[in-house]
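Each remark here refers to the structure printed beneath this line.
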Amino acid sequence: MIRLSALGDVALTTGVLMRWRETLGLTFTVLTRESFAPLFFRHPAVREVVGLKTDDLRGERQRRLFRALAARFRGVPLVDLHGTLRTRLLSLFWKGTVYRYPKYALTRRLFLLSGGRFGRAPLLARNVPERYAAALAPLRPQGFGRDGLSPFLAVNEDDDDWSLDALAPLVRHARPVVALHPFATHPAKAWPAAHWRELARLLADQGMAHFWIGRGDASLFASAPLTGPRGLMSLDFTNRTDLRQLIALLAQADALVTGDSGPMHLASGVSTPVVALFGPTCREWGFFPTGENDRVLQAPLACRPCSLHGKTGAACGHACMRSLTPDMVMEKLRRVLIRPPSAAPGTRADG
């Protein structure tokens, strides 16, 4: 199976691989960028991960790499869950059956350009994990269903112990603990920094501890640690964790607040509920979180969606994100945090 990027897209393949293992009895070699290889740690359906270096995915080095992979896996089927020119080039070298998923590229563009008048039904019929799963529909005509496709990420004992120690200053006196991920790949998908700071203040006032995660300019969000009557109410892990540590921290959180981002799918992979803020992107693109306790906050604006990936949005002054207030997020969070004990976070999946 090949999926090279991005973080969230690669994470979404993990549940699909589990479903294929359960229904078809298959195991996989995964081809992905080496930075995403930790996502497949102790995955029951993955026997090997081939981490590809960025420098090897250019020019003649890429062609040599693809020839070598095709020779090594001669006769083995290739499942292309990326569908780019690069992965199609690999398929030209491949000496075996190639399976591809329905990407709906033209349908998505038609929906976008028509202002949502055309293409909605097929896009809503399958989210992205379901589209991935459909790549192997020829092997299972009855399909794979929607259940059981959520991401699967394992947290080992060392990661678990590290996260417990890292969060000890918060969890020893405050619960719930909320993870905050304020960063976005594209500026149009980012919630305003002032809204994040206000949300942090509201959490502290309500006796809810929080910690910041992700990579970016932390000074915009997490200036000075907040304190409450019982002590420290915030910690800042931005730019300080590797991917395994990030997953472990999310497993300890009672909820995550984030935009349309990769960590949103990482949280789903460790059964941590999500409050997701969507602006320039929409449900039809297929990336909404699907957990029972997940909540999505979005503004009913006629200009949405304005982009396939969230690269635009300035024409309306980013109203789709600005109009989502911290009070709205707090209301969603309260609903997320009222759930049965069986849905509590932090479940270890040792694999």
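From the list Phe278, Phe287, the one residue that fits, being closer than 22 Å to Ala193 by Cα and crowded, with 21+ Cβ neighbours inside 10 Å, is Phe278.
Count of the range 228-239 residues, restricted to those that are in a strand (DSSP E or B) and either touching a Phe, Trp or Tyr at 6+ places or on another chain (Cβ under 7 Å) or under 15 Å from Ala190 (Cα atoms) (or both), is 3.
The residue that is modelled with the lowest pLDDT, counting only those in the range 113-160 that are surrounded by fewer than 18 Cβ atoms within 10 Å (Cβ to Cβ) and of a type in the set (S, T, N, Q), is Asn156.
Just to verify a result, which residue in the range 92-102, among those that are touching a strand residue (DSSP E or B) at 6+ places or on another chain (Cβ under 8 Å) and not in a strand (DSSP E or B), is farthest from Arg63 (Cα to Cα)? Show your work before the answer.
First, the residues of the range 92-102 that are touching a strand residue (DSSP E or B) at 6+ places or on another chain (Cβ under 8 Å): 94, 96-101.
Cutting the leftovers down to not in a strand (DSSP E or B) gives us 94, 96-97, 101.
Working: Trp94: 12, Gly96: 18, Thr97: 19, Tyr101: 23 Å.
Checking each candidate, the answer is Tyr101.
Scanning the range 310-321 for residues that are surrounded by 16 or more Cβ atoms within 10 Å (Cβ to Cβ) and either within 18 Å of Met264 (Cα to Cα) or over 21 Å from the mean Cα position of the chain (by Cα) (or both) yields Gly310, Gly313, Cys316, His318, Met321. Just to be sure before I move on: is Asp80 within 30 Å of Pro305 (Cα to Cα), at pLDDT 95 or above and among the acidic types (Asp, Glu) in the structure I sent? It is true that Asp80 is within 30 Å of Pro305 (Cα to Cα), at pLDDT 95 or above and among the acidic types (Asp, Glu). Which one is modelled with the lowest pLDDT among residues in the range 204-235 that are within 19 Å of Asp327 (Cβ to Cβ) and of a type outside the set (Gly, Ala, Ser)? Looking at the filtered set, the residue picked out is Leu226. Among the residues in the range 82-91, are any basic (Lys, Arg), in a strand (DSSP E or B), under 17 Å from Arg3 (Cα atoms) and under 23 Å from the mean Cα position of the chain (by Cα)? No, the range 82-91 contains no residue that is basic (Lys, Arg), in a strand (DSSP E or B), under 17 Å from Arg3 (Cα atoms) and under 23 Å from the mean Cα position of the chain (by Cα).
Can you confirm whether the range 284-296 contains a residue that is among the aliphatic types (A, V, I, L, M), assigned to a loop (DSSP other than H, G, I, E, B) and assigned by TED's automatic domain parsing to the domain that holds Lys189?
Going residue by residue through the range 284-296, those that are among the aliphatic types (A, V, I, L, M) are 296.
Checking the rest, the ones that are also assigned to a loop (DSSP other than H, G, I, E, B) come to none.
Checked against the condition, which is being among the aliphatic types (A, V, I, L, M), assigned to a loop (DSSP other than H, G, I, E, B) and assigned by TED's automatic domain parsing to the domain that holds Lys189, the range 284-296 yields no hits at all.
Among the residues of the range 97-112, write down those that are exposed (fewer than 13 other Cβ atoms within 10 Å of the Cβ) and either within 22 Å of Leu17 (Cα to Cα) or hydrophobic (A, V, I, L, M, F, W, C) (or both). Residues satisfying the conditions are Thr97, Ala105, Leu106.
Which residues, counting only those in the range 161-177, are of a type in the set (Lys, Arg) and at pLDDT 95 or above? Please lay out each step first, then the result.
Here is the first cut: in the range 161-177, the ones of a type in the set (Lys, Arg) are 172, 175.
Residues satisfying the conditions do not exist here.
Among the residues of the range 46-74, which ones are in a helix (DSSP H, G or I) and over 15 Å from Glu34 (Cβ atoms)?
Narrowing the range 46-74 to residues in a helix (DSSP H, G or I): 54-57, 59-72.
If the condition is that a residue be in a helix (DSSP H, G or I) and over 15 Å from Glu34 (Cβ atoms), then Gly59, Glu60, Arg63, Arg64, Phe66, Arg67, Ala68, Ala70, Ala71, Arg72 are the ones that fit.
Here is the figure for the range 321-337: residues that are of a type in the set (Ser, Thr, Tyr) and free of Cβ contacts under 8 Å to residues at least 40 places away in the same chain total 1.
Look at Leu226 and say whether it is surrounded by fewer than 17 Cβ atoms within 10 Å (Cβ to Cβ), more than 22 Å from Asp158 (Cβ to Cβ) and either in contact with a Lys or Arg (Cβ under 9 Å, 6 or more places away or on another chain) or touching a residue at least 40 places away in the same chain (Cβ under 8 Å) (or both).
Values: surrounded by fewer than 17 Cβ atoms within 10 Å (Cβ to Cβ): no; more than 22 Å from Asp158 (Cβ to Cβ): yes; either in contact with a Lys or Arg (Cβ under 9 Å, 6 or more places away or on another chain) or touching a residue at least 40 places away in the same chain (Cβ under 8 Å) (or both): yes.
It is false that Leu226 is surrounded by fewer than 17 Cβ atoms within 10 Å (Cβ to Cβ), more than 22 Å from Asp158 (Cβ to Cβ) and either in contact with a Lys or Arg (Cβ under 9 Å, 6 or more places away or on another chain) or touching a residue at least 40 places away in the same chain (Cβ under 8 Å) (or both).
Take Trp94 and decide whether it is within 30 Å of Asp242 (Cβ to Cβ) and either aromatic (Phe, Trp, Tyr) or loosely packed, with under 12 Cβ neighbours inside 10 Å (or both). For Trp94, the condition - within 30 Å of Asp242 (Cβ to Cβ) and either aromatic (Phe, Trp, Tyr) or loosely packed, with under 12 Cβ neighbours inside 10 Å (or both) - is not met.
Residues are listed down the side, and each one gets a yes or a no for (1) in a loop (DSSP other than H, G, I, E, B); (2) within 20 Å of Ser35 (Cβ to Cβ):
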| position | (1), (2) |
| --- | --- |
| Ala179 | no, no |
| Leu203 | no, no |
| Ser219 | no, no |
| Thr241 | yes, yes |
| Leu250 | no, yes |
| Pro263 | no, yes |
| Ser271 | yes, no |
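The values are calculated or read from the model by the stated rules, or taken from the named source; none is laboratory data. Bear in mind the structure is a predicted one, so any value in this text is a computation, not a measurement. With ideal geometry, Cβ positions are generated from the backbone for all residues, glycine too; neighbour counts draw on all protein chains shown.
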